[in-house]
Amino acid sequence: MQEHEANNSIFEAAMRLHESLDVSEIVTRALDFLPGLVNAQSWAVFIKTEHANRLELIRAISVKELPVGPVVEIEQSPLPMAQAASEKRTIIAVGLGEDTTGSSVDELAALCVPLIANGRLVGVVQATRKSGGADAFTQEDAQVVELVCASLATALANALAYKDATRQTLIDDLTRLYNVRHLYQTLEAELRRARRYGTSVSVVFMDLDGFKLVNDAYGHRAGSATLTEVAKVISRSVRESDFVARYGGDEFVLMLPETTAKRALQMAERVRLRIAGHRFKGGIGADIFLTASFGVASFPEHGSKAEKLIELADAAMYEAKQRNKNNVRLAAS
């Protein structure tokens with residue numbers, strides 16, 4: 001790309017990134033521009049979590065070629081993206097050890113650019129391509145990506161601040177999780193992006209087993225307090241990029257971006273075990289044992305519309321209820 005064309009593209013990218021206050025839309029726009037500026041086999045944008053020192057995958061191009069998993073522990077990982085995050089500087093590397101399947105990726109070159117806004121780490125952008133050492137990313141490549149990432153970091157920081165400020169209108173009053181209306185809006189937007197990039201989105205429908213017994217034994221106030229405790233257990237069990245909503249009563253829905261059905265089943269099982277192993281107090285110091293049943297449905301294999309995916313996940317959850325409860329079922333294909 002000629003220098004003049006590159007400058008125009010970078011300027012256009014900067015303008016477009018600041019037109020939205022939606023994190024997913026901003027990342028999508030960044031990934032529209034970056035491949036046209038620097039040649040790479042895969043692109044990925046990771047966000048730094050608020051309460052833990054880790055990076056979580058928000059979106060990727062050629063996700064099957066991505067040599068890392070959806071979560072990278074900054075202090076524990078030897079990967080160049082972790083180094084870029086911890087040192088807050090661009091890292092150009094050749095040879096990444098092993099990928100998430102255990103296969104050697106020594107022939108991959110990586111360009112990892114931290115997203116810094118007002119001195120704070122927001123995330124990391126990673127590009128990879130086949131190298132063999134002779135075709136590593138150059139300083140010129142890094143400079144181009146850094147220019148886009150400067151705007152991306154600021155746009156993401158603004159969007160995250162806006163999200164925190166407006167979250168009060170989108171949450172359930174009791175559990176402080178997202179409400180149903182916001183669930184459908186967010187899921188539809190995520191499905192549009194998944195169709196565009198050929199990625200996966202999964203929905204997990206969860207219902208507590210025998211929750212009426214809690215209300216009968218301890219009263220509705222204790223029941224409400226228990227639901228709040230359940231919401232906290234779920235939130236602590238998922239990634240920060242995942243979406244958790246109270247669907248109604250003692251029903252909850254998890255929306256998992258960039259997640260296949262297999263991974264969604266694993267996530268549901270993780271939440272199931274944590275609920276079964278937790279002792280809920282109900283706000284009165286009680287010792288309440290709870291279990292939950294789960295249904296999983298994924299795009300594209302089970303459906304392409306938000307309503308359909310939730311319907312299928314709900315049906316799979318009902319099947320789990322029929323199978324002695326406290327288990328996870330996958331929707332019928």
Per 10 Å bin from zero, what fraction in whole % of the C-alpha pairs of the chain is there, up to the bin with the longest pair? 6, 24, 30, 23, 12, 4, 1, 0
Among GLN266, SER235, LEU213 the positive-end extreme of the charge dipole of segment 171-330 (Cβ point charges): GLN266
Under 20 Å from the Cα of LYS281, which lysines turn up, not counting those fewer than eight places away in the same chain? LYS212, LYS232
Using a cut-off of 20 Å between alpha-carbon atoms, which aspartates and glutamates can reach LYS88, once sequence neighbours fewer than 8 places away in the same chain are excluded? GLU50, GLU56, GLU73, GLU75, GLU140, ASP141, GLU146
Cross-link partners of LYS325 among aspartates and glutamates (Cα-Cα below 18 Å; sequence separation of 8 or more within a chain): ASP207, ASP209, ASP250, GLU251, GLU269, ASP314
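Every read-out reported here was derived from the displayed coordinates using simple, explicitly stated rules and does not represent laboratory data. Quick caveat: nothing in here was measured; it's all calculated off a predicted structure. Note that each Cβ is placed from the backbone with ideal geometry, even for glycine, and that neighbours are counted across all protein chains shown.
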